[in-house]
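In what follows, a structure is listed as structure tokens, so that the remarks can point back to it.
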Amino acid sequence: MDLKQHIRHVPDFPKPGILFYDITTLLRHPQGLKAAIERLAMPFADARIEVVVGIESRGFILGAAVAERLGAGFIPVRKPGKLPARAIKEIYDLEYGKDALEIHADAVEQGQRVLIVDDVLATGGTAAATAQLVRKLGGELHGLAFLIELLALGGKSRLAGENVYSVLQY
């Protein structure tokens with residue numbers, strides 16, 4: 001199945017000059033959703049992943065489904081102030097300014113085998129910050145899986161040395 005045919009391209013969103021790849025049109029397609037989840041999970045089927053970490057917000061959708069497919073638990077990584085219990089924070093650089101992500105301080109156990117899942121790998125900032133959070137908690141990061149990788153933005157370079165997998169490249 002050609003997953004790209006189910007992804008809507010939205011020009012000038014969220015600002016002029018940006019071409020947004022909208023996966024909601026893929027998610028509503030039963031066979032497309034199934035194929036996307038299968039392709040995200042497949043390279044990690046024998047990795048004995050114990051928990052999947054999904055990055056807010058579309059990473060929640062994909063990550064939870066991948067976790068179920070792999071027989072793993074699911075952990076959300078959120079913007080600051082959204083988690084109800086004690087959390088740890090990782091601040092990272094944006095093109096103009098800084099942002100931050102948080103994970104519950106007890107989310108990952110020492111030595112747990114972790115897979116990070118998100119919808120898009122763009123500049124790599126959120127993925128790198130999430131990897132740092134996992135490592136701060138003592139998790140063993142076995143890979144990062146993305147539905148889409150935007151090659152021109154070079155996000156993979158911020159994840160040097162990591163096992164990075166993307167289903168689709170643009």
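Every condition in (1) touching a residue at least 40 places away in the same chain (Cβ under 8 Å); (2) within 14 Å of the chain's Cα centre (by Cα); (3) assigned to a helix (DSSP H, G or I) holds for Lys4 except the one numbered (2). Exactly one residue among Leu141, Leu147, Leu83, Leu133 is closer than 24 Å to Thr24 by Cα and either in a loop (DSSP other than H, G, I, E, B) or touching a residue at least 24 places away in the same chain (Cβ under 8 Å) (or both), and that residue is Leu147. Under the condition of being over 11 Å from the mean Cα position of the chain (by Cα), assigned to a strand (DSSP E or B) and not small (Gly, Ala, Ser), the residues counted in region 68-80 number 3. Filtered by the rule that a residue be surrounded by fewer than 16 Cβ atoms within 10 Å (Cβ to Cβ) and out of contact with any strand residue (DSSP E or B) (no Cβ under 7 Å at 6 or more places or on another chain), region 154-170 gives Gly154, Ser157, Ala160, Gly161.
Condition (residue is surrounded by 18 or more Cβ atoms within 10 Å (Cβ to Cβ), part of a loop (DSSP other than H, G, I, E, B), touching a residue at least 24 places away in the same chain (Cβ under 8 Å) and touching a helix residue (DSSP H, G or I) at 6+ places or on another chain (Cβ under 9 Å)) applied to region 56-67: is it met by at least one residue? The answer is no; no qualifying residue exists. Taking region 28-55 on its own, how many of its residues are crowded, with 19+ Cβ neighbours inside 10 Å and either assigned to a loop (DSSP other than H, G, I, E, B) or at pLDDT below 95 (or both)? Qualifying residue count for the region: 2.
Taken as a whole, the condition of being under 18 Å from the mean Cα position of the chain (by Cα) and at negative phi applies to Tyr92. When region 107-121 is filtered for residues that are farther than 12 Å from Val53 by Cβ and surrounded by fewer than 21 Cβ atoms within 10 Å (Cβ to Cβ), the ones remaining, listed by number, are Glu109, Gln110, Gly111. If you go through region 12-55 and keep only what is touching a residue at least 40 places away in the same chain (Cβ under 8 Å), β-branched (Val, Ile, Thr) and under 16 Å from Ile116 (Cβ atoms), you end up with Ile49, Val51, Val52, Val53, Ile55.
The values are calculated or read from the model by the stated rules, or taken from the named source; none is laboratory data. Remember, it's a predicted structure, so these values are computed and weren't measured experimentally. Note that we place each Cβ from the backbone using ideal geometry, even for glycine, and neighbour counts take in every protein chain shown.
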